[in-house]
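To keep things clear, I will list the structure first and then write my remarks on it.
The values are calculated or read from the model by the stated rules, or taken from the named source; none is laboratory data. Worth saying up front: this structure is predicted, and the values here are computed from it rather than measured. Cβ coordinates were reconstructed from backbone atoms using ideal geometry, including for glycine residues, and neighbour counts include every protein chain displayed. Ligands, DNA and RNA are excluded from the accessible area calculation, which covers all protein heavy atoms including side chains. Shrake-Rupley method; radii C 1.70, N 1.55, O 1.52, S 1.80 Å.
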Amino acid sequence: MNGHVDLARGFPERVAIAGEIFAQEVSPLLQQRGEAALPLLRGSFALAFWDEETRSLLLARDAFGGRSLFWCARGSEIWFGTQVPKGAPLGQIDRGALSDFLELGYVPAPASIWSGVRKLPAGHLLRFDAKGAEVRRWSDLPTPGGSLRKPSRIAVRARLEQAVQRRLAGRPSALLSGGLESSALVALMTRLSGKVSTYTTGSEEDLAAARRIAQRFRTDHHEVAIAVPPAELLPGLVIASSEPFADPALPPLAALLRQVPGPVITGDGADELFAGHPRHLHAARIPRLSRTASAANLLRRVAPARHRGTLQRAAGALGSTGAERARAFVEVFSLDERRLLLGSHARIARGATSDELRGADATLAFDLEVSLPEDVLFRLTLAADGVETRTPYADIELAHLVVPPAARHKFGRIHGRRLLREAVADLLPRDVLMQPARTLEPPLGAWLHGPLRQMLDDLVRPPTARIRRLLDPRAVDQVLAHSLRPRGNPRKAWSLLCLELWAREQRG
């Protein structure tokens with residue numbers, strides 16, 4: 001979806017939609033109710049609605065931000081799209097947004113990589129008329145830990161079944177990892193609609209786990225061999241993102257989805273709603289250790305440069321139980337490292353709305369408001385490349401039931417996702433219920449020392465590299481040297497490679 005509106009001329013399309021809206025006639029609803037119709041829509045969408053009567057344009061993004069929505073307004077004109085809109089006055093590369101990318105591996109809304117373009121946050125709308133552009137929230141996400149009550153497993157099961165049922169039109173297939181999230185979806189899909197087609201890839205252990213679930217529910221199962229080398233796949237994916245994006249799971253997910261007929265149901269969003277990431281459990285269980293954090297801070301001032309980022313993250317995780325800890329678990333480059341690369345432009349990226357949350361609640365809020373829309377769901381859309389994907393866990397009614405309970409209701413002794421495990425305990429084997437999350441996380445270190453080594457040497461190391469105009473060249477060399485060592489963090493070199501690939505496609 002891409003468009004350009006001049007208020008003097010209007011918009012030739014009354015309604016434009018990217019994504020999927022379930023069981024609703026969208027155009028009549030919007031014509032009758034305008035923005036009041038948005039809470040009635042279910043699905044993953046970005047939409048534009050031109051109101052001829054008021055000569056105004058409405059842009060909106062669903063509660064979870066399943067589709068990105070960029071916009072740029074100047075005078076009586078506005079450009080918008082699910083990618084950076086063509087023909088818009090982009091401005092310059094925003095160095096603050098570049099700092100956000102180095103911190104997280106993506107640029108979170110409302111910023112974009114271009115100074116003249118903004119990104120509509122998830123659950124927000126924009127109204128553009130003769131008075132200008134007004135942005136405001138239309139859908140509130142539930143606050144983690146906002147309720148002391150634990151929902152019954154029957155209520156969670158019913159809400160999850162409802163979310164799956166909404167997305168069964170056209171008999172979709174499913175991605176099956178053999179883990180709890182995808183296995184639960186396959187079980188419910190089988191109960192609600194009969195035989196399901198499932199697709200999987202990964203290591204022999206991953207294939208065996210998925211094969212076991214497929215046999216249990218008698219699915220039409222397909223094991224997909226990913227044959228596309230990352231050096232061939234990566235450049236096209238980075239270019240298609242329209243912004244710098246460095247999620248390592250993108251290439252294997254894209255390679256898998258290229259071989260899956262749509263529509264396809266995925267388990268994305270389950271960890272963010274049900275507290276399934278290991279960092280959620282760490283945030284809940286690790287106490288605040290101020291003295292240890294102070295010691296880590298002192299050590300980073302005298303430690304070798306390659307250890308300072310790790311020590312800074314340790315200090316943040318141990319010295320705080322709030323937003324600082326939530327960031328420490330996910331940041332790629334620490335603030336000190338970003339200052340070396342960007343100087344005074346380094347900043348802390350936007351976080352969750354509330355700064356008052358602590359422990360697992362703070363980490364969950366960050367993942368729901370920032371990571372889920374700007375990383376997880378964006379990655380899925382980018383990898384799908386036109387294949388229709390559906391995400392039952394990213395359901396607002398399900399979220400309002402399972403997100404507010406206190407953290408103690410979301411964790412067992414050594415695992416998260418307690419509410420999900422209890423809801424589907426009668427459907428799955430115990431070992432599947434208790435196993436940690438399965439991901440498509442690739443072996444970055446092996447990639448960067450193997451199939452991507454030549455690309456890294458040819459593009460990032462030379463003095464003519466584009467990123468050396470954006471970042472301090474000496475700091476770039478230090479990052480490459482440290483991150484590719486045996487105990488280094490290969491995500492840093494990976495992020496620089498993705499940034500270089502993106503920068504080479506930009507004008508000038």
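Only one of (1) within 21 Å of residue 365 (Cα to Cα); (2) over 21 Å from the mean Cα position of the chain (by Cα) fails for residue 171. Which number is that?
Unmet for residue 171, out of (1) within 21 Å of residue 365 (Cα to Cα); (2) over 21 Å from the mean Cα position of the chain (by Cα): (1).
Tell me the residue from 226, 286 that is in contact with a Pro (Cβ under 7 Å, 6 or more places away or on another chain) and of a type in the set (A, V, I, L, M), please. Don't jump to the end; show me each part of the working.
Numbers: 286 fails: in contact with a Pro (Cβ under 7 Å, 6 or more places away or on another chain).
It is 226.
Among the numbered criteria (1) assigned to a helix (DSSP H, G or I); (2) more than 22 Å from the chain's Cα centre (by Cα), which single criterion is violated by residue 239?
(2)
Could you list, in sequence order, the residues of the range 7-42 that are in contact (Cβ under 8 Å) with a residue 24 or more places away in the chain, open to solvent by 30 Å² or more (accessible area, probe 1.4 Å) and more than 26 Å from residue 385 (Cα to Cα)? Spell out the reasoning first.
Filtering the range 7-42 for residues in contact (Cβ under 8 Å) with a residue 24 or more places away in the chain gives 7-8, 10-11, 13-23, 30, 34-35, 38-39, 42.
Next cut, open to solvent by 30 Å² or more (accessible area, probe 1.4 Å) only: 8, 13-15, 17, 19-20, 23, 35, 39, 42.
Answer for the range 7-42, where residues must be in contact (Cβ under 8 Å) with a residue 24 or more places away in the chain, open to solvent by 30 Å² or more (accessible area, probe 1.4 Å) and more than 26 Å from residue 385 (Cα to Cα): 8, 35, 39.
With the requirement that a residue be farther than 19 Å from residue 178 by Cβ, open to solvent by 50 Å² or more (accessible area, probe 1.4 Å), touching a residue at least 12 places away in the same chain (Cβ under 8 Å) and outside any loop (DSSP other than H, G, I, E, B), what does the range 419-461 give you?
422, 449, 454
Please go through the range 349-379 and give me each residue that is of a type in the set (Lys, Arg) and assigned to a loop (DSSP other than H, G, I, E, B), ordered by number. Talk me through it step by step, then tell me what you get.
Of the residues in the range 349-379, the ones of a type in the set (Lys, Arg) are 350, 358, 379.
Within the range 349-379, 350, 358 qualify.
Can you name the residue in the range 167-196 that is within 17 Å of residue 208 (Cα to Cα), open to solvent by 10 Å² or more (accessible area, probe 1.4 Å) and not in a helix (DSSP H, G or I) and, of all such residues, is modelled with the lowest pLDDT?
In this case the residue turns out to be 177.
So if I check each of 57, 102, 98, 90, which one is assigned to a strand (DSSP E or B) and either in contact with a Pro (Cβ under 7 Å, 6 or more places away or on another chain) or among the aliphatic types (A, V, I, L, M) (or both)? Before you say what the answer is, go through the steps one by one.
Values: 102 fails: assigned to a strand (DSSP E or B); 98 fails: assigned to a strand (DSSP E or B); 90 fails: assigned to a strand (DSSP E or B).
None of the other options fit; the residue is 57.
I'd like the full set of residues that are closer than 18 Å to residue 159 by Cβ and surrounded by fewer than 22 Cβ atoms within 10 Å (Cβ to Cβ), limited to the range 406-417.
Across the range 406-417, the qualifying residue is only 409.
Only one of these conditions is not met by residue 451: (1) over 30 Å from residue 213 (Cα atoms); (2) modelled with pLDDT under 95; (3) in contact with a Gly (Cβ under 9 Å, 6 or more places away or on another chain). Which number is it?
Answer for residue 451: the failing condition is (3).
Going by what's in this entry, would residue 130 be described as of a type in the set (Gly, Ala, Ser), in contact with a Ser or Thr (Cβ under 9 Å, 6 or more places away or on another chain), touching a residue at least 24 places away in the same chain (Cβ under 8 Å) and open to solvent by 20 Å² or more (accessible area, probe 1.4 Å)?
Numbers: of a type in the set (Gly, Ala, Ser): yes; in contact with a Ser or Thr (Cβ under 9 Å, 6 or more places away or on another chain): yes; touching a residue at least 24 places away in the same chain (Cβ under 8 Å): yes; open to solvent by 20 Å² or more (accessible area, probe 1.4 Å): yes.
So residue 130 passes the test.
Yes or no: the range 468-475 includes at least one residue that is modelled with pLDDT under 95 and either hydroxyl-bearing (Ser, Thr, Tyr) or touching a Pro at 6+ places or on another chain (Cβ under 8 Å) (or both).
No; the residues of the range 468-475 include none that is modelled with pLDDT under 95 and either hydroxyl-bearing (Ser, Thr, Tyr) or touching a Pro at 6+ places or on another chain (Cβ under 8 Å) (or both).
Which is open to solvent by less than 60 Å² (accessible area, probe 1.4 Å), modelled with pLDDT under 95 and closer than 25 Å to residue 47 by Cα, of 237, 233, 207, 125? Don't jump to the end; show me each part of the working.
Numbers: 233 fails: closer than 25 Å to residue 47 by Cα; 207 fails: closer than 25 Å to residue 47 by Cα; 125 fails: modelled with pLDDT under 95.
The unique qualifying residue is 237.
Based on this model, can you work out whether residue 376 counts as of a type in the set (A, V, I, L, M) and under 20 Å from residue 61 (Cβ atoms)?
On the way: of a type in the set (A, V, I, L, M): yes; under 20 Å from residue 61 (Cβ atoms): yes.
In short, yes.
Taking residue 117 and the conditions (1) open to solvent by less than 10 Å² (accessible area, probe 1.4 Å); (2) in contact with a strand residue (DSSP E or B) (Cβ under 7 Å, 6 or more places away or on another chain); (3) closer than 30 Å to residue 211 by Cα; (4) of a type outside the set (Ser, Thr, Tyr), which numbered condition does it fall short on, given that it satisfies the others?
All conditions pass for residue 117, except number (3).
Report, by residue number, each residue of the range 141-166 that is outside any helix (DSSP H, G or I) and without any contact (Cβ under 8 Å) to a residue 40 or more places away in the chain.
Step one: filter the range 141-166 for residues outside any helix (DSSP H, G or I), giving 141-152, 166.
Listed by number, the list holds a single entry, 152.
Which residues, taken from the range 335-370, are polar (S, T, N, Q) and crowded, with 24+ Cβ neighbours inside 10 Å? Don't jump to the end; show me each part of the working.
Step one: filter the range 335-370 for residues polar (S, T, N, Q), giving 344, 353-354, 363.
Correct list: 363 only.
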